[in-house]
Amino acid sequence: MNLNLDDRYRIVSDEYNFILQKRTDPSRGPNTRKGKKLNKTGGWKDVGYWKDLGQLLLSYSGQKLRASGVANMEEVYRLLETLRVEIRAIGKQCVTFWGKTPGEKEDSKDCHHIHSGTGGGRGEER
């Protein structure tokens with residue numbers, strides 16, 4: 001799985017986890033030498049690992065909200081509404097990816113938790 005959430009975040013997966021990654025500037029940091037881009041992950045850093053996609057999306061929403069610099073409740077509401085629309089689009093991508101509607105089957109790679117807001121996984125932020 002490889003789903004771009006926006007220009008700075010994406011979701012990838014391995015056999016056991018959903019992984020939230022954040023784009024890094026490959027021209028900076030310890031993986032560079034003399035201005036050459038040496039970032040071995042292609043400019044992406046793992047933010048955390050989740051067994052449940054819904055919990056990953058909650059963490060993503062929280063990170064976006066904390067980084068937004070919103071100044072009042074109206075701005076918070078607008079940002080949360082934008083995130084809700086983005087998360088619905090991710091649910092549609094899950095249907096395309098797995099060929100089923102969210103909630104059709106309950107397992108660790110199911111999209112059901114996107115819409116229900118429940119979850120059993122726990123993200124480990126780095």
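If you take the residues of the stretch 62-73 that are part of a helix (DSSP H, G or I) and out of contact with any Leu (no Cβ under 8 Å at 6 or more places or on another chain), which of them is modelled with the highest pLDDT? Quick ask: steps written out before the conclusion?
Taking the stretch 62-73 as the starting set, the residues that turn out to be part of a helix (DSSP H, G or I) are 62-68, 73.
Next, from what is left, pick out any that are out of contact with any Leu (no Cβ under 8 Å at 6 or more places or on another chain): 62-63, 66-67, 73.
Working: 62: 89, 63: 89, 66: 90, 67: 89, 73: 93.
Checked the stretch 62-73; the qualifying residue modelled with the highest pLDDT is 73.
The single condition among (1) surrounded by 14 or more Cβ atoms within 10 Å (Cβ to Cβ); (2) out of contact with any strand residue (DSSP E or B) (no Cβ under 7 Å at 6 or more places or on another chain); (3) among the hydrophobic types (A, V, I, L, M, F, W, C); (4) at pLDDT below 85 that residue 38 does not meet is (1).
A quick yes/no check of all residues on (1) at pLDDT below 90; (2) exposed (fewer than 15 other Cβ atoms within 10 Å of the Cβ); (3) part of a helix (DSSP H, G or I); (4) basic (Lys, Arg):
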| position | (1), (2), (3), (4) |
| --- | --- |
| 42 | yes, yes, no, no |
| 54 | yes, no, yes, no |
| 60 | no, no, yes, no |
| 75 | no, yes, yes, no |
| 79 | no, no, yes, no |
| 88 | yes, yes, yes, yes |
| 92 | yes, yes, yes, yes |
| 96 | yes, yes, yes, no |
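Taking (1) modelled with pLDDT of 90 or more; (2) farther than 17 Å from residue 1 by Cα in turn, residue 47 satisfies each apart from (2).
The values are calculated or read from the model by the stated rules, or taken from the named source; none is laboratory data. Just so it is clear, the structure is predicted and the values come from calculations on it, not from any experiment. FYI the Cβ positions are ideal-geometry reconstructions off the backbone, even for glycines, and counts take in every protein chain you see.
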